[in-house]
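Some notes on the structure that comes next.
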Amino acid sequence: MSVLEVDGLTKKFGGLVAVDDFSFEVDEGEIVGLIGPNGSGKSTVFNCIMGSYGVTDGSIRFNGSDITDDSTHEVVNKGLSRVSQESNPIDSMSVAGNIKLFTLPNSIVSLRGGASEEEIYDYAARIDIAEHLHEMPDELPHADVRRLEIAKSLATEPEMMLLDEPFAGMNQAEITELADQIERFREQGMSMVVVDHNMGGLMDLVDRIVVLNNGDFLAEGTPEEIAENEQVQEAYLAGEGL
Amino acid sequence: MSSETDTGRSISGRVSGAAGRFGGAAVDGLSTVTEPVDRALRPIANVYNRTLGGYFGEMNGLQLVLLVGSFLGLVTIPFWGNYTLVQATWLACIWGIFAMSWDIQSGYTGYISFGHSVLSGGAAYTTAMLLNNVNAELPMRITIPISVLVALIIGLAIALPSLRLSGPYFSLITFVAVLIFYRLIRPLSEYTGGETGLGGIETVFSTDPVMRTYAFMIPMLLIAAALLIVARSNIGLILVAIRENESAVEAAGINATKFKIWSFVLSSIPMGIGGVLLAHRFGTVTPGAFVVVDNSIEMIAMAVVGGMGSILGPLGGAFLVIMLEDVVLSGFESEIKWSILWLIVLLILVFARDGLFRKLWHGLDRLGGDRR
């Protein structure tokens, strides 16, 4: 059964068509890779799903309910969470505080509440940053800042995560480690969409790849099929390699 | 010490770390004296930390001395202060309410309001107009709730359309709101009394300076306690997060707009109470003393001097500014006095941007012994 259904998504900025009639689906427990050359509209698709951008046309459904016009916090509370490309922790709060913020209830009269110490520890442990809980975000190495973003996302108890270039700026050892952790999330029942502009980190991780080019659907298939797809190779020839 | 306290500190304790690094040799020398004092008082501070610390924030022995000392000094002022000081205290209590109210909205969310005097002015004018245009015999139990409600309505009228905007637009709208209010007073002078304002407001306990002091101080203390509880709760955490990174708040599944409007509600109600107190302090409401945009800027100055985003900092800032204005510099003529005051504010902005009371607080944190 499809958890996420994007149907005929179109996003225009003035005269510029960033995403044009794009459709894809994600099944329960599946990891889908969404790739495309730089500027092909991958992040725009995420922004539309998360309610950061208004949608020009088309519809987005999550767990059967229409989320096309929902705002970001509504989408998050329905069980969809995004790990954005930019790391933007709140520098005046510790790692634990940053995670706690993501567990607070959306209620103006709730003075206490949110996750307990143990729960915050658990979220951090799931992505191996539990030993940094009392540190400040700007004291962490890059890879751990990226992991903090994932811990924050986990703290919203999502059914599905959208990961936007999770491997950016990481070395090969860190990429392998993170890919293993993401694989573990899948075993725990999480569905995921992973955006990347090349296939390096995705080959062994994803079940299926959807290719976006100039805002348009280009191809779909297993990682092996996509690696051999001539259209995809052509689209990437202009820019960097696959 | 329990791990719970550790996290509580580390969640909000960043600034103290930064202040700690400032310290230097002088502080190290001083701390040989202050550490034993802190250690001696620590058991009392810990009793407080265990019981009320979760609601108001934790502190060490030295910080407890500062707070309890200030509190006792304040509530006994009518018994040891001269009349000039006592009079200044009345005003300082009211401006303290304004500065704290401004802080829970602007200081915490970072959406800076340049127009908070429209809220206090609205409440004060409501009291005056009810007495002058409706019935001079209306009791305070009628006029006060209505006046506070009007402040809340004005607050929501500003907040609802403007808080969705970002950047300078919100600040500009608040600023323009004061200008409109101020300009409308004269054309509507039939009801507002124009430039000379409206009198006939009962000045409470005007013959009993002791009771009069408490009439202003008790509301101030209650508002301070209420705002502190909110500021140290999840709500304060979310408001600070809005200031630091609004998109992260949305990504956390929290409706940032709802919380921004809520901060305006939390601010408008005490602003209304302060406005009503100010009306009952002077007995006359005039545009110059109650609405003019300078008032809004003075609230900001007090909050910045004390340390915005801390509730107690702006309260201390209000007392400092009013005491300078009405006691220390009272010999100078008004223009000179205000030039000196604004120069002091400017110096604090340049050299102690985090605010004097925040610096003092973190200084005491450093001067005390290690918590563990």
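The values are calculated or read from the model by the stated rules, or taken from the named source; none is laboratory data. What you see is a predicted model; the values in this text were computed from it and never measured. Every residue, glycine as well, gets a Cβ built from its backbone with ideal geometry; the counts of neighbours run over all protein chains shown.
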Can you tell me which of (1) more than 14 Å from every other protein chain (Cβ to nearest Cβ); (2) in contact (Cβ under 8 Å) with a residue 12 or more places away in the chain is the one residue A:49 doesn't meet? (1)
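Yes/no per residue for (1) surrounded by fewer than 19 Cβ atoms within 10 Å (Cβ to Cβ); (2) modelled with pLDDT under 90; (3) out of contact with any Cys (no Cβ under 8 Å at 6 or more places or on another chain):
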{"residue": "A:150", "(1), (2), (3)": "no, no, yes"}
{"residue": "A:158", "(1), (2), (3)": "no, no, yes"}
{"residue": "A:168", "(1), (2), (3)": "yes, yes, yes"}
{"residue": "A:212", "(1), (2), (3)": "no, no, yes"}
{"residue": "A:222", "(1), (2), (3)": "yes, no, yes"}
Flag if residue B:254 is buried (at least 24 other Cβ atoms within 10 Å of the Cβ) and within 12 Å of chain A (Cβ to nearest Cβ): yes
I need a count of the residues in segment B:127-141 that are assigned to a helix (DSSP H, G or I) and either outside the structural domain of residue B:153 (by TED's automatic domain parsing) or in contact (Cβ under 8 Å) with a residue 40 or more places away in the chain (or both). 7
Looking at B:361, B:342, can you tell me which residue is within 19 Å of residue B:88 (Cα to Cα) and not in a loop (DSSP other than H, G, I, E, B)? B:342
Residue by residue through segment A:68-78, note down the ones that are at the interface with another protein chain (Cβ under 8 Å from one of its Cβ atoms) and of a type in the set (S, T, N, Q). A:71, A:72, A:77
What about residue A:189, is it away from every other protein chain (no Cβ under 14 Å), of a type outside the set (Asp, Glu), buried (at least 21 other Cβ atoms within 10 Å of the Cβ) and more than 13 Å from the chain's Cα centre (by Cα)? no
Name, by its number, the condition in (1) within 30 Å of residue A:149 (Cβ to Cβ); (2) surrounded by 14 or more Cβ atoms within 10 Å (Cβ to Cβ) that does not hold for residue B:148. (1)
Looking at (1) farther than 20 Å from residue B:233 by Cβ; (2) modelled with pLDDT under 90; (3) more than 9 Å from every other protein chain (Cβ to nearest Cβ), find the lone condition where residue A:124 falls short. (2)
Checked A:32, A:45, A:26, A:6 against criteria (among the aliphatic types (A, V, I, L, M) and touching a helix residue (DSSP H, G or I) at 6+ places or on another chain (Cβ under 9 Å)); the one match is A:6
Going by what's in this entry, would residue A:22 be described as buried (at least 21 other Cβ atoms within 10 Å of the Cβ), within 25 Å of residue A:182 (Cα to Cα) and not assigned by TED's automatic domain parsing to the domain that holds residue A:134? no
From the list A:81, A:65, pick out the single residue that is within 27 Å of residue B:256 (Cα to Cα) and either modelled with pLDDT of 95 or more or within 14 Å of chain B (Cβ to nearest Cβ) (or both). A:81
Quick check on this structure: which one of A:7, A:57 is of a type in the set (Asp, Glu), over 18 Å from the mean Cα position of the chain (by Cα) and under 30 Å from residue A:223 (Cβ atoms)? A:7
